[in-house]
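These notes concern the structure reproduced below.
The values are calculated or read from the model by the stated rules, or taken from the named source; none is laboratory data. Note that the coordinates shown come from a computational prediction; the quantities given were computed from them, not determined experimentally. Here the Cβ positions follow ideal geometry from the backbone for every residue, glycine too, while neighbour counts run over all protein chains shown. Heads up: the accessible areas ignore ligands, DNA and RNA and are worked out on the full protein's heavy atoms, side chains in. Shrake-Rupley method; radii C 1.70, N 1.55, O 1.52, S 1.80 Å.
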Amino acid sequence: MNSEPLYEGKAKSVYRSEEAGELVVRFRDDITAFDGEKKDVLPGKGVFNAVVSAFFFTYLEKRGIATHFIRMVNERTMIVKELAMVPLEVIVRNRAAGSIVRRYPFSEGQVLDPPVVVMDFKDDTRHDPMINDDIIVALGLLTREEIAAIRTRALEINRLLSEYFREQGITLVDFKIEFGKREGSIVLGDEISMDSMRLWDMETGESLDKDVYRFDKGDVLSAYERVVQRIIPGYFGGKE
Ligand code: C5P
């Protein structure tokens, strides 16, 4: 773990593990927005995202969704299964917000029923352009069957996450997930955190996610902390 990272993302570093087929993922305190144009370090932010990711990976595994999560080694570091990542950002939207409102004539907050699934090609130098099935197949990223399987899986994950958030009084507006392959099957990788979801308080409409940082809506760390408090009851109490 003290060695050089295998890969450094904008907010996570990935290291080789001593176990073959496993990796170590460390959630850093960096926060970025707008293709890295805006960036800051928020002490403690990595812990909030790591515990929420671990919580949801475990929640989904229990409900039959294969994920890369194995275990936490400390509050900001997890051991995961090594996957051959597919360079796609799979975005599921229950309400219109963000780029879909900028690009198409939806109004902010408009309910999307059935939910809309969008795939972006993960490439910062190209600003993650939206992609379609033909381009995915032409690039050799996935077969049509695999695309269909990912879409079905993403919608099932949406159903499970939305249900959990609803019970905590939070609307899951949208989220981004990434998948990889392991021994021929599709496995959920990356993270599920406040950096990669839009969450609105059902009563107040307040953002409880990275939009607080993107649009200077207030104290992003306390918004993240409130999500941890609401979705992992006893997390803070349990640490005393
Ligand atoms: O920006 P956009 O509206 O397309 O984002 C949709 C959802 O995907 C948001 O929850 C956002 O946080 C997430 N996302 C992400 N990483 C990206 C792009 C979007 O986590 N590179």
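Within region 1-27, which residues are of a type in the set (D, E, K, R) and out of contact with any strand residue (DSSP E or B) (no Cβ under 6 Å at 6 or more places or on another chain)?
Taking region 1-27 and keeping what is of a type in the set (D, E, K, R), we get 4, 8, 10, 12, 16, 18-19, 22, 26.
Scanning region 1-27 gives 4, 8, 16, 18, 19.
What's the total number of residues in region 171-188 that are more than 13 Å from the ligand (Cβ to nearest atom) and buried (at least 23 other Cβ atoms within 10 Å of the Cβ)?
So the answer is 2.
Among the residues of region 91-109, write down those that are near the ligand (Cβ under 8 Å from one of its atoms) and in a loop (DSSP other than H, G, I, E, B).
Those that are near the ligand (Cβ under 8 Å from one of its atoms) and in a loop (DSSP other than H, G, I, E, B): 97, 98.
Can you tell me which residue among 91, 65 is closer than 14 Å to residue 177 by Cα, open to solvent by less than 30 Å² (accessible area, probe 1.4 Å) and in the same structural domain as residue 140 (by TED's automatic domain parsing)? Working first, answer last.
Values: 65 fails: in the same structural domain as residue 140 (by TED's automatic domain parsing).
After ruling out the rest, the residue left standing is 91.
Taking the conditions exactly as written (more than 23 Å from residue 87 (Cβ to Cβ), surrounded by fewer than 17 Cβ atoms within 10 Å (Cβ to Cβ) and not assigned by TED's automatic domain parsing to the domain that holds residue 34), does residue 167 satisfy them or not?
yes
Kindly indicate whether residue 11 is at pLDDT 95 or above, under 18 Å from the mean Cα position of the chain (by Cα) and among the small types (Gly, Ala, Ser). It would help to see each step written out before you state the result.
On the way: at pLDDT 95 or above: yes; under 18 Å from the mean Cα position of the chain (by Cα): yes; among the small types (Gly, Ala, Ser): yes.
Here the answer is yes, as residue 11 does meet what is asked.
Mind listing whichever residues of region 126-145 are surrounded by fewer than 18 Cβ atoms within 10 Å (Cβ to Cβ), part of a helix (DSSP H, G or I) and more than 13 Å from the ligand (Cβ to nearest atom)?
The answer is 133, 134, 135, 137, 138, 144, 145.
Kindly establish whether residue 132 is in contact with a Pro (Cβ under 7 Å, 6 or more places away or on another chain) and of a type in the set (S, T, N, Q).
On the way: in contact with a Pro (Cβ under 7 Å, 6 or more places away or on another chain): no; of a type in the set (S, T, N, Q): yes.
For residue 132, the condition - in contact with a Pro (Cβ under 7 Å, 6 or more places away or on another chain) and of a type in the set (S, T, N, Q) - is not met.
Just for region 189-236: of the residues that are open to solvent by 30 Å² or more (accessible area, probe 1.4 Å), part of a helix (DSSP H, G or I) and among the hydroxyl-bearing types (Ser, Thr, Tyr), which one is farthest from residue 61 (Cα to Cα)?
Step by step, filter region 189-236, then rank; the result is 222.
Of all residues in region 54-91, which are of a type in the set (A, V, I, L, M, F, W, C), in contact with a Lys or Arg (Cβ under 8 Å, 6 or more places away or on another chain) and within 17 Å of residue 156 (Cα to Cα)?
Within region 54-91, 65, 90, 91 qualify.
For a quick check of your reading of the model, give me the residue pairs whose first member lies in region 153-181 and is under 11 Å from residue 192 (Cβ atoms), whose second is open to solvent by 30 Å² or more (accessible area, probe 1.4 Å) and hydrophobic (A, V, I, L, M, F, W, C), with beta-carbon atoms closer than 8 Å and at least 6 apart or on different chains.
So the pair list comes out as 178/85.
What are the residues in region 4-15 that are surrounded by fewer than 16 Cβ atoms within 10 Å (Cβ to Cβ) and assigned to a strand (DSSP E or B), if any?
The answer is 7, 8.
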